[in-house]
Amino acid sequence: MDNELLAAQTLTKDDLENMETKGDKALLAPNLDFILEVLYIFQRCDSHEELYWKVERPNFKFFAICNDVFYWGTADLEEILPEDVELLRECWYDLKKIGEAYMLATLFSARKRKMRPQYPMGRIYDRENKCYTGDMWKPELRALFDACGPERDSKDEG
């Protein structure tokens, strides 16, 4: 476990007393449970590189990185709100059951948007014959994504 994450997981409300500015206390105190839960889930999925965060006082914001998942050539984020923690946890549990926890950010974004990833995601493309010839994803993983929304038209994929 990363030392920074371990420190974040063991941070308590008493630790807030030692912070240098009242602004830091005001920012963290009401969000502490949310912050720790999101960090913990992404760390458990070994998906910490797919989590983006920023501070917009007075808010601490998290985003799941979902670049090129729904549309080609996009830098894309899906905000993780405190009310999304249960959905995030469900994604983790469903992915953990099939050994695919690293897909957390992608599944979370798809479920929150109620949208399947674009058709090429996880599929094998035969350049010579210019067609898709197979699936790199396990059937159980594909089923999780198929349940996120209706099949998409290729024109809707950017």
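Contact map, the stretch 53-79: first residue under 17 Å from Gln118 (Cα atoms), second residue of a type in the set (Lys, Arg) and not in a loop (DSSP other than H, G, I, E, B), Cβ cut-off under 8 Å, separation 6 or more or different chains; pairs are Phe70/Arg113; Glu78/Lys112; Glu78/Arg113.
Taken over the stretch 106-158, the criterion of being among the aromatic types (Phe, Trp, Tyr) and either touching a helix residue (DSSP H, G or I) at 6+ places or on another chain (Cβ under 9 Å) or in a loop (DSSP other than H, G, I, E, B) (or both) is satisfied by Phe108, Tyr119, Trp137, Phe145.
Residue count for the stretch 126-140 under the criterion of being at pLDDT 85 or above and either closer than 19 Å to Asn67 by Cα or among the aromatic types (Phe, Trp, Tyr) (or both): the result is 2.
Evaluate the stretch 42-50: report whether one residue or more is part of a helix (DSSP H, G or I), of a type in the set (Asp, Glu), modelled with pLDDT of 90 or more and closer than 22 Å to Glu90 by Cβ. Give the derivation first.
Pass one, the stretch 42-50, residues part of a helix (DSSP H, G or I): 42-44, 48-50.
Within this subset, residues satisfying the condition of being of a type in the set (Asp, Glu) are 49-50.
Then keep just the ones that are modelled with pLDDT of 90 or more; that gives 49-50.
Of the ones still in play, those that are also closer than 22 Å to Glu90 by Cβ are 49-50.
Yes: one or more hits.
Using the structure shown, decide if Ala147 is without any contact (Cβ under 8 Å) to a residue 60 or more places away in the chain and within 13 Å of Cys66 (Cα to Cα). Here the answer is no, as Ala147 does not meet what is asked.
Only a single criterion out of (1) modelled with pLDDT of 95 or more; (2) in contact with a strand residue (DSSP E or B) (Cβ under 8 Å, 6 or more places away or on another chain) is not satisfied by Pro120, namely (1). Just to be sure before I move on: is Phe63 under 24 Å from Leu32 (Cα atoms) and surrounded by 12 or more Cβ atoms within 10 Å (Cβ to Cβ) in the structure I sent? Here the answer is yes, as Phe63 does meet what is asked.
The values are calculated or read from the model by the stated rules, or taken from the named source; none is laboratory data. These figures come from a predicted structure and were not determined experimentally. Positions of Cβ are backbone-derived with ideal geometry, glycine not excepted, and every protein chain shown enters the neighbour counts.
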